[in-house]
Structures are given as structure tokens and as C-alpha cells.
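So the structure is just underneath, and the comments pick up after that.
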Amino acid sequence: QVQVMESGGGLVQPGGSLKLSCVASGSIFRIYAMGWYRQAPGKQRDLVASIIHTGFTNYADSVQGRSTAHMDYAAKTLTLQMDSLEPADTAVYFCNVYSSPVQDSPPQHYWGQGIQVTVSS
């Protein structure tokens, strides 16, 4: 089993910054990708940023230019630095790990429980 733990959420004022952290542990042979997703009340869960094992990083248009994701492959951690936060960034943020438990086994998606980020004055 794989455990995914998020941290760093909270309340921040508009224009402020926040850094989210995610760490994966458990039965992990290889990580293929890690990503941050978010879900606002009444809306679907959307991608914020993802990094594949080659280092290629993809950002949602809504956070492009004001967010930086970093993955430490060896430590199995993923961080997301978000700047110039807006009320529209308010959501529950989920970390996703796409990994395989043993060699030659198909990778699966694992999710954290989510962490609240609220942008409000």
C-alpha cells in the first residue's frame, strides 16, 4: 500500500504565497509522476501541476507563471510554491502519486486525503 501525505495548507490573504508539500511512502518501486490537483466546492477535481519522472512539468493555465512545482525523486516528495494567490485558488488540494509497487507491475494512482487552502481577506 502507498501512503500520500499533504501538508502546508491554510488561510492566506489575496496576493500572498503558500507552499504545499507532499510525501509518498510505502510500497513504491518506481514513481512515474506526481501531481497536485484541486477541487473547489461544487466543482470537479482539476490538475494544478504535474511532474513526470523525466522532469517534465505541466501547469494549469490558471496557475502558470505564479506557481512552481518541484519533485525530489529519491525522497518521494513533491512541493508546490504558489504566489500571488487569488480567492479563485480556494479549494481542497490533493496530491497524486502514479507509481508501481514492484518491478514490471503496472503503475496505479494513489491519492492523499487533501488539504484545504483558503484565500481570503
(request) Would you mind telling me which numbered condition in (1) exposed (fewer than 14 other Cβ atoms within 10 Å of the Cβ); (2) closer than 24 Å to SER121 by Cα THR54 fails? (result) (2)
(request) Pull up the range 57-84, narrow it to residues that are of a type in the set (D, E, K, R) and without any contact (Cβ under 8 Å) to a residue 12 or more places away in the chain, then point me to the one that is most open to solvent (accessible area, probe 1.4 Å). (result) ASP61
(message) Consider the range 93-121. How many of its residues are out of contact with any Phe, Trp or Tyr (no Cβ under 9 Å at 6 or more places or on another chain), of a type in the set (Ser, Thr, Tyr) and not in a loop (DSSP other than H, G, I, E, B)?
(response) 1
(message) Looking at the range 97-109, can you tell me whether even one residue there is under 11 Å from the mean Cα position of the chain (by Cα) and surrounded by 18 or more Cβ atoms within 10 Å (Cβ to Cβ)?
(response) yes
(request) Can you work out which of the residues in the range 1-20 that are part of a strand (DSSP E or B) and over 23 Å from PRO87 (Cβ atoms) is most open to solvent (accessible area, probe 1.4 Å)? (result) MET5
(message) Which of the numbered conditions does ILE115 fail, given that it passes all the others? Conditions: (1) of a type in the set (Val, Ile, Thr); (2) within 11 Å of the chain's Cα centre (by Cα); (3) open to solvent by less than 20 Å² (accessible area, probe 1.4 Å).
(response) (3)
(request) Could you check how many residues of the range 85-107 are touching a residue at least 60 places away in the same chain (Cβ under 8 Å) and either in contact with a strand residue (DSSP E or B) (Cβ under 7 Å, 6 or more places away or on another chain) or of a type outside the set (Ser, Thr, Tyr) (or both)? (result) 15
(request) May I ask you to list the residues in the range 83-92 that are not in a strand (DSSP E or B) and not charged (D, E, K, R)? (result) SER84, LEU85, PRO87, ALA88, THR90
(request) Specify the residue that is nearest to ALA75 (Cα to Cα); the eligible residues are those in the range 29-51 that are in contact (Cβ under 8 Å) with a residue 60 or more places away in the chain and buried (at least 18 other Cβ atoms within 10 Å of the Cβ). (result) ILE31
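The values are calculated or read from the model by the stated rules, or taken from the named source; none is laboratory data. Worth saying up front: this structure is predicted, and the values here are computed from it rather than measured. All Cβ positions, even for glycine, are placed from backbone atoms using ideal geometry, and neighbour counts span all protein chains on display. Protein only, heavy atoms only, side chains kept; ligands, DNA and RNA dropped before computing areas. Shrake-Rupley method; radii C 1.70, N 1.55, O 1.52, S 1.80 Å.
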